[in-house]
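For reference, the structure discussed in these notes is given below.
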């Protein structure tokens, strides 16, 4: 089974970039590996307007 990150009820492949809600507002996040676990790495970039 491949490693994935979960968000909004979906699985995302490593390297996927999605918009996640944070306390600082919607931010872009990248799915990655940290200590053999998948995790979201948040950026300081706000999500682009759709």
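Bear in mind that the values in this text are calculations on the coordinates, not laboratory data. Every value quoted in this text rests on a predicted model; they were computed, and no experiment measured them. Note that we place each Cβ from the backbone using ideal geometry, even for glycine, and neighbour counts take in every protein chain shown.
If only residues of the range 16-31 that are assigned to a strand (DSSP E or B) and free of Cβ contacts under 8 Å to residues at least 24 places away in the same chain are counted, the one that is farthest from the chain's Cα centre (by Cα) is 27.
Would a scan of the range 34-43 turn up a residue that is outside any strand (DSSP E or B), surrounded by 13 or more Cβ atoms within 10 Å (Cβ to Cβ), at negative phi and over 8 Å from the mean Cα position of the chain (by Cα)? No, there is no match, as no residue in the range 34-43 is outside any strand (DSSP E or B), surrounded by 13 or more Cβ atoms within 10 Å (Cβ to Cβ), at negative phi and over 8 Å from the mean Cα position of the chain (by Cα). In the range 1-15, the residue that is nearest to residue 39 (Cα to Cα) out of those that are out of contact with any strand residue (DSSP E or B) (no Cβ under 6 Å at 6 or more places or on another chain) and not in a strand (DSSP E or B) is 15.
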